[in-house]
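All remarks here apply to the structure that follows.
The values are calculated or read from the model by the stated rules, or taken from the named source; none is laboratory data. Note that the structure is predicted; figures quoted are calculated from it, not measured. Here the Cβ is made from the backbone with ideal geometry for all residues, glycine too, and neighbour counts use every protein chain on show. Side chains are part of the model used for accessible areas, which takes the heavy atoms of the whole protein and leaves out ligands, DNA and RNA. Shrake-Rupley method; radii C 1.70, N 1.55, O 1.52, S 1.80 Å.
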Amino acid sequence: MKITFNLNGSSAEAEISPSLSLADMLRSQFKIYSIHLGCEQGVCGACTVLLDGKSVRSCLMLAVQADAHDIVTAEGVALLEGENWENIESTLVQSGAFQCGFCTSGMVVSLEEILANKALVTRSDILSRLSGQVCRCTGYEPILLAFETLLDAAHLLRKEQL
């Protein structure tokens, strides 16, 4: 079956089997390797992508469900954020939020979802959003610190623009 969708801001189409997962399609047909398949049960969050701006587990979603939708992966976040991407990347690195890197793409996609919301976000909100993201290396504190730093900076920037 043929589907069409937007992938990281560009039109895409694929010929797929109705039982193919979104994660498998993105990895095999579009060479999107930031999507990691950890548990393949929707628990670890390493396969998280944005579907029309909302985070979803691509291992649980069928590729056919992406038809006529917008998909953003970690690679697309760098494109969406443009020159802000360097600030995001350096803050994550300086905070020690990266270690083995397996969870990183899911974390980056989750951060983009929070940033796009443009609301003032508390530590509790961040913890809630990251509750489905498993990181076995950092103990989460460096990730929380990085997210708080980035969200505080985004909030200040928005206040200055008003």
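Data for the structure
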read-out	value
Overall dimensions of region 113-152 as given by Cα atoms, namely Rg and Dmax in Å	10.0, 29
Share of pairwise Cα separations in region 64-117, more than 14 Å, in percent	58 percent
Normalised per residue, the volume of the convex hull around the Cα set of region 92-134 (Å³)	79 Å³
On Cα atoms only, tilt of 84-94 relative to the major axis of the chain in degrees	70 degrees
Backbone HN-Hα couplings from phi across region 35-52 [Karplus 6.51/-1.76/1.60, Hz, Gly and Pro as x]	7, 9, 9, x, 9, 6, 10, x, 9, 7, x, 5, 9, 5, 9, 9, 10, 6
Quarter of the Cα convex hull surface for region 32-162, i.e. its orientation-mean projected area (nm²)	8.0 nm²
Evaluated over region 45-89, the Cα radius of gyration and Dmax, each in Å	11.7, 35
Neighbour-limited loop hits for GluC sites (Glu not before Pro), region 71-155 (at most 10 other Cβ within 10 Å; DSSP other than H, G, I, E, B)	Glu83
Beta bridges by DSSP in the chain, antiparallel share as percent, to the nearest 5	85 percent
The chain, helix-only ellipticity at 222 nm - DSSP H runs n ≥ 4, -39,500 (n - 2.57), divided by all residues, nearest 500	-13500 deg cm²/dmol
Listed residues Phe98, Phe147, Phe30, most fluctuating in the chain (Gaussian network, C-alpha, under 10 Å)	Phe30
Å² per residue, accessible surface of region 1-87 at 1.4 Å	51 Å²
Region 81-121-region 1-64 distance, computed between alpha-carbon centres (Å)	20 Å
Relative pair counts by distance (%), Cα atoms of region 4-89, 5 Å bins	3, 16, 26, 27, 17, 8, 3, 1
Most mobile listed residue (Cys44, Cys137, Cys59) in the chain, GNM with C-alpha springs under 10 Å	Cys137
Principal axes of region 1-44: Cα extent on each, largest first, Å	28, 23, 14
Mean projected area in nm² (Cα convex hull; one quarter of hull surface) for region 95-162	4.3 nm²
FRET efficiency, 1/(1 + (r/R0)^6) with R0 35 Å, evaluated for Thr122 and Glu40 via beta carbons	0.65
